[in-house]
Structures are given as C-alpha cells and as structure tokens.
C-alpha cells in the first residue's frame, strides 16, 4: 500500500461524525488532497482515506493506534504524515568504489540503515569480507545504484579467499543482495581462490544473494572439486537455513565449479532455493549431498561440466525441476532426490548404476539420442531412445521393462522397485 502526500492540504467536515464505527465522512472540499491512499487527522483521531468520491470519503477509523471518536460539523481536517510512516521510510546510504571493504562491513552492521546502494565502479582488495550481522529486526538490502555496474575485482588480492563470507563469525540473517529492478549489475571477477567459494555461507539464515555474474577466476592449485561460485557450509555448530541464490550467470573460469552444499553430516542447510542459473565450465554445475533438506534446484542451464551437471547424495532431500545440461558428465541422483518435472535434454548415453556395487549398465549409440523428460504420473522416470526422431525404444514404468520397436524385452528388472536402485546416472537429463 502506497501512502500519498501533498503539502498544506486541509478542509473541514461538512457533516458531523456521530459514531465511532462509521466509515464514510462528508467534507467541504476535496481540493488540494492527493490521490488515495492518504492520511488525515480530525481532532486527535487519525484516519486512512481509501476512496474519494468528490466530497464523500471512505475512511479507516482509528488509524495508527489513534482512538475513534465523534466529531462536530465544521471541525478542521488536516492531511499529514503519521509516526508509523516515518518509522517505515527506508534509509538509503550510498557506497562508492573508493571506500573499503571494512567500511562496507561497518555499514552493513549499522541498524539505522535499510538499503545500501553500490555506485558504479571496480571494487578491489575485497576478500573474505565477513558479514556476520543479525538483521532480523531491520532487514537490509544491498543493491546497485540505478544503472550501476558494480564489479568486485580480485586481481590485486593474493589471499586465495573468496569475496563474501556470510555468518563466518556469528549469525548473519535477513540480508539480501539483489540487482533486480535497478538496471544495474553485480560481477565478481579475477579472484584466485583456494578451497572455498566466491560466496560462502556458514551460520546464515534468511540470506539472499541474487543476480551475480562470475568471470575469469582461477584456482590457486589444481583441485577439481573444492572451488565454487557458491559454497554453502556450516560454522561447525549451526546449520544455515532459508537461503536463496537466484538468477546467476556463473562462468568463473577453469577449475572453478558452481554451486555446492557441504556434504558432511550436520554441516548442511535447510531450505535452499537455487533458481535460474546459467553455468559453464568446471567439473560440477550443482553438488548437494550430506543431510540437507528442502533444497530446490529449478531452471538450471548447465554447460560443459566434466563430472556432472547435478550430483546429489547422502540423505539430502532435493527437488530438481526445469533443468537441462549440455555436454556434461553423468548426472547422479540419490534416492532422496525428487523429479519435479520439466527436466529435458539429449545425449547419446544412458547409464544405470547401483552405487557401491561397482556395476553399471550403459546404453550408448552414436546415432541414437536418449531423452529424459520430466515427471511421470506413476512416480518413475521415463526414457525414450530415438533415431532420426523416430522412437526406437522406451524404458519406463514401475516394471522397468524395456520395449524395442514395440516388442517387450525383459532383463532390466532392477528398476522394478525403487529400493533396488539407489541412483540413476544420466549423461544428460
């Protein structure tokens, strides 16, 4: 609800208000008042005006904690601000590239500020910036100034640390980084990182980091699996919860992966949304294992990940939907992963394996594509093998039967029961 204002607007009652519950009043003139909604005061009662029909106004009585009362004909009506409005005004502070990361951390901790607007520029010598502030009583938003391109550049840093560490030393909560609606952007580039992420969460709750772009970063030493754009972990004691990482363009560079939740027991997170990513290069698009819960991977476009587009493991409860992978290694889904539908891509390979058994079955054909598409009504995934867009074989249903050219062929009964297969490994899904 927007409250509108105009200067020096006033009128008088054209008829007495004889009850404390009536919601219609008659005024002498509507001239000079703003469009609804706006606030008026009559004697010591505040009212919210929600509709104006010339001199007949619809009001909410006893607004902002005032007491509804009767009022005599001719009483003055004033248009004004309320104390509640003043409390709700956003305090916005500008931050410039000439200011330090320490100054930024101090501003984040300032509980009189609601919004930090980052001015355009290249921000250097920012590494392992510890954001450990509980903002539950006054949430904070960090955004670019209108139209500002904000670039964090690690080329002058030799620490092998990432950029922001949320909850590294204490609880971090109710902080949002998001460029949406500003016409600006957030970019992280030229960091040389060790076993960490460009963005790391430790003890974090209700933290949102949206709309980041990562470019031209490097790994401090060849690793393959320990450098990430986003790394969700724990401080060793507390779990993180209610985290959001949406609208990322993640192409950080050779050896850097994209999204991971720590696989160690009790170091996971609860309630994590990862939505609308484009990721390119590295070994993994997304890796979620351990005992994390309520994780949603939605709308990920993954390209050129050598090991897997997505891999899930442990007892982590993960929903995968609307995702696709191109030129990625075999994706692995644990038994606690849910197909949310809309997943689709093609490959020339389908592998079915039982982890720990050392056994797998591969279906490979250079002139045949394997299509995995979405959500089957019986709860089982379906695969269709096509050559020149002509269906040649299907693998589907709770029976796990394989049908080739319409003829039923037995022999893949291990798919007959969900308990028999711990994971499905897909070249692309």
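The values are calculated or read from the model by the stated rules, or taken from the named source; none is laboratory data. Given the structure is predicted, the values throughout are model-derived calculations rather than measurements. With ideal geometry, Cβ positions are generated from the backbone for all residues, glycine too; neighbour counts draw on all protein chains shown.
Structure above, values below:
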read-out: Selection within region 145-160 - at pLDDT below 95 and surrounded by 16 or more Cβ atoms within 10 Å (Cβ to Cβ); value: 145, 157, 160
read-out: Qualifying residue in region 209-222 (condition: out of contact with any strand residue (DSSP E or B) (no Cβ under 8 Å at 6 or more places or on another chain), at pLDDT below 95 and surrounded by fewer than 18 Cβ atoms within 10 Å (Cβ to Cβ)); value: yes
read-out: Checklist (1) more than 17 Å from residue 62 (Cα to Cα); (2) surrounded by 15 or more Cβ atoms within 10 Å (Cβ to Cβ) applied to residue 49, failing item; value: (1)
read-out: Residue among 299, 309, 314, 271 that alone is outside any loop (DSSP other than H, G, I, E, B), surrounded by fewer than 24 Cβ atoms within 10 Å (Cβ to Cβ) and not assigned by TED's automatic domain parsing to the domain that holds residue 195; value: 299
read-out: Hey, residue 29 in the same structural domain as residue 71 (by TED's automatic domain parsing) and either part of a strand (DSSP E or B) or at positive phi (or both) or not; value: no
read-out: Subset tally (residues that are surrounded by 21 or more Cβ atoms within 10 Å (Cβ to Cβ) and either outside any strand (DSSP E or B) or free of Cβ contacts under 8 Å to residues at least 40 places away in the same chain (or both)) for region 32-41; value: 1
read-out: Single match in 190, 242 (criterion: buried (at least 17 other Cβ atoms within 10 Å of the Cβ) and within 15 Å of residue 151 (Cα to Cα)); value: 190
